[in-house]
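Down below is the structure, laid out as structure tokens.
The values are calculated or read from the model by the stated rules, or taken from the named source; none is laboratory data. These numbers were taken from a predicted model, which means no experiment stands behind them. Here the Cβ is made from the backbone with ideal geometry for all residues, glycine too, and neighbour counts use every protein chain on show. What goes into the accessible areas is simple: the full protein's heavy atoms, side chains included, and nothing from ligands, DNA or RNA. Shrake-Rupley method; radii C 1.70, N 1.55, O 1.52, S 1.80 Å.
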Amino acid sequence: MKVKKTNALRILDSHHITYDTKEYEYDENHLSGHHIIDQVDLEADQIYKTLVLKSNNDYLVCCIPVLEEIDLKKLAKQSGHKSVEMIHMKDLLSVTGYIRGGCSPVGMKKLFPTYFQEDIILYDKVAVSAGMRGLQVILDPNDLVEVVKGKYVDVIRK
């Protein structure tokens, strides 16, 4: 079966980045990371969720392992902001072009400053949303970080 090309996948293709995709079942009412772990052949620490935050009128993106929690104070400090907060779910589509559960760090409406939990470099392969619910893209984390001009930071709650 042919996988639908999302904006994220088209961008990876245009940069000649090698990747695999993995489709998974999802439930509208339960979009937590637990259901993905059971269906994608990677460890939980290799599957990253994409969070969109703002500070005043600046938006920023942060990718952390799917079961971890973000430490907003750490991210604010690492990104040079006084404080950051998650954007409202109702604003996600208009800001990024993506919906909850299908938000990829690749291919948003604009290239926002993007931060990755530094442990991402420990893996040969990681997964992030491919830009739609039910589809993950699996790729080399170095390629992922490079394509969005990302930075490595320590932002998970310990």
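Per-structure values
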quantity: Contact order relative to length of the chain, as percent, for alpha carbon pairs under 8 angstrom and 6 or more apart; calculated: 30 percent
quantity: Charge tally in the Cβ shell below 14 Å around VAL148, where Lys, Arg are +1 and Asp, Glu are -1, VAL148 excluded; calculated: +1
quantity: Accessible area per residue, Å², segment 13-158 with all protein chains present, probe 1.4 Å; calculated: 54 Å²
quantity: 5 angstrom amide H check on SER104, placed H, neighbours 5+ away; calculated: GLY131
quantity: Residues THR21 and GLU43, FRET efficiency given R0 of 22 Å [Cβ-Cβ distance, rounded to 0.05]; calculated: 0.75
quantity: Amide proton proximity set for TYR115, modelled H, under 5 Å, gap of 5+; calculated: VAL61, CYS62, CYS63, LYS151
quantity: Cβ-Cβ FRET estimate between LYS90 and LYS149, R0 fixed at 35 Å, reported to 0.05; calculated: 0.80
quantity: Estimated vicinal HN-Hα couplings, Hz - segment 92-101 in sequence order (Karplus 6.51, -1.76, 1.60; Gly, Pro = x); calculated: 4, 5, 5, 7, 9, x, 10, 9, 4, x
quantity: Span from the segment 115-140 Cα centroid across to the segment 39-110 one, whole angstrom; calculated: 13 Å
quantity: Distance between modelled label sites at SER14 and ILE99, nm, 7 Å Cα→Cβ extension; calculated: 2.4 nm
quantity: Percent accessible area from carbon and sulfur atoms, the chain, protein chains only, probe 1.4 Å; calculated: 48 percent
quantity: Cα gyration tensor, segment 1-120 - rounded (a/c under 1.5), prolate or oblate; calculated: prolate
quantity: Solvent accessible area, Å² - TYR19, 1.4 Å probe, full protein context; calculated: 40 Å²
quantity: Dipole magnitude of the chain, debye to nearest 20 (Cβ charges: Lys/Arg +1, Asp/Glu -1, about Cα centre); calculated: 820 debye
quantity: Straight-distance crosslink candidates among lysines, where the alpha carbon sits under 17 Å from LYS82 and sequence neighbours closer than 8 are dropped; calculated: LYS54, LYS73, LYS74
